[in-house]
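Worksheet: one structure, shown below.
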Amino acid sequence: MYDAVIFDLDGTLIDSESIGITAGITAFGRHGYPVTVDLFHSMVGVDQPTGETMLRAALGADLPLARIKADWQALTRAAYHDQGVPLRPGAAEVLELLGKAGHRLAVATSSRREPAEWKLERAGLRHHFATVVSYDCITRPKPAPDPFLEAARRLGAAPARCVAFEDSETGAASARAAGMTVVQVPDQVATEGRHATLVAADLLSGARALGLI
């Protein structure tokens, strides 16, 4: 029934959202900008330029974002160095099972290529994927369908015969607009699943519900 499976990265395969939010709150606080978890939750799933626009709208146009981002990235990398790159529940298992079942796999992420590839390599997941579509690869980021359409094109699969795994509303809307079956596994922010074909508690149960494994 399905020819390919396409995964979002942050919050879907990698348990990176909580690390990034904790590091972000610390970095902004160091520069005199106390921020809330809710602000970061509103940015889950969006690309970096859109996120920066949202931060300036919330905190002021004169926000010293370059300096804050340098601290934010350093704190995030330090956390990865200390803890490793943590996986979402079932991520390693579902990729192994999907590979054994013969499914073609790709990543479609709002992250830029270098950090996306770095996280996949450090997490030990890169070898599962035929291709990684990052922010750098497309013209229109999520929630436009472009990242998922490009991943399907590279895999040689019709979008209607692809399954997309996402955690965020932005990502689920992107995959749905691409015409794919969408499994949403929420991470930081709960969902009503308005863009999803199926809302699952974890990756394994979502894959099993669709008969992928």
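The values are calculated or read from the model by the stated rules, or taken from the named source; none is laboratory data. What you see is a predicted model; the values in this text were computed from it and never measured. Positions of Cβ are generated from backbone atoms using ideal geometry, with glycine treated the same way; all protein chains shown enter the neighbour counts.
Taking the options Asp38, Asp62, Asp71, name whichever one is surrounded by fewer than 16 Cβ atoms within 10 Å (Cβ to Cβ), of a type in the set (Asp, Glu) and in a helix (DSSP H, G or I).
That would be Asp38, the only listed residue that is surrounded by fewer than 16 Cβ atoms within 10 Å (Cβ to Cβ), of a type in the set (Asp, Glu) and in a helix (DSSP H, G or I).
Do we find that Ala123 is buried (at least 20 other Cβ atoms within 10 Å of the Cβ), of a type in the set (A, V, I, L, M), in contact (Cβ under 8 Å) with a residue 24 or more places away in the chain and over 26 Å from Arg77 (Cα atoms) in this structure?
Taking the combined requirement at face value, the residue does not satisfy it.
As an exercise: evaluate Asp3 against (1) charged (D, E, K, R); (2) touching a Cys at 6+ places or on another chain (Cβ under 8 Å); (3) under 21 Å from Gly84 (Cβ atoms) and give the number of the one condition it does not meet.
Here Asp3 clears every test but (3).
Looking at Gly24, Gly20, which one is in a helix (DSSP H, G or I), in contact with a strand residue (DSSP E or B) (Cβ under 8 Å, 6 or more places away or on another chain) and not polar (S, T, N, Q)?
Gly20
Being more than 18 Å from Gly211 (Cα to Cα) and not in a helix (DSSP H, G or I) is the filter here, so list the residues in region 158-175 that pass it.
Within region 158-175, Ala158, Asp167, Ser168 meet the criteria.
Does region 41-55 hold any residues that are surrounded by fewer than 17 Cβ atoms within 10 Å (Cβ to Cβ) and among the aliphatic types (A, V, I, L, M), and which are they?
Result: Met54, single match.
Taking region 41-59 on its own, how many of its residues are under 12 Å from Val189 (Cβ atoms) and in a helix (DSSP H, G or I)?
Number of matching residues: 1.
Consider Thr50 carefully, then state whether it is of a type in the set (S, T, N, Q), in the same structural domain as Val37 (by TED's automatic domain parsing), out of contact with any helix residue (DSSP H, G or I) (no Cβ under 6 Å at 6 or more places or on another chain) and modelled with pLDDT under 95.
When the stated conditions are applied, Thr50 passes them.
Against the definition (over 17 Å from Ala91 (Cα atoms) and either in contact with a strand residue (DSSP E or B) (Cβ under 7 Å, 6 or more places away or on another chain) or modelled with pLDDT of 95 or more (or both)), how does Leu203 come out, yes or no?
no
Which condition number does Cys162 fail, the rest of (1) touching a residue at least 60 places away in the same chain (Cβ under 8 Å); (2) surrounded by fewer than 19 Cβ atoms within 10 Å (Cβ to Cβ); (3) not aliphatic (A, V, I, L, M) being met?
Failed condition: (2).
Mind listing just one residue for me: the one in region 140-157 that is charged (D, E, K, R) and not in a helix (DSSP H, G or I) and, of those, surrounded by the most Cβ atoms within 10 Å (Cβ to Cβ)?
Lys142
Looking only at residues that are touching a residue at least 40 places away in the same chain (Cβ under 8 Å) and among the basic types (Lys, Arg) in region 136-157, which one is nearest to Leu212 (Cα to Cα)?
Arg154
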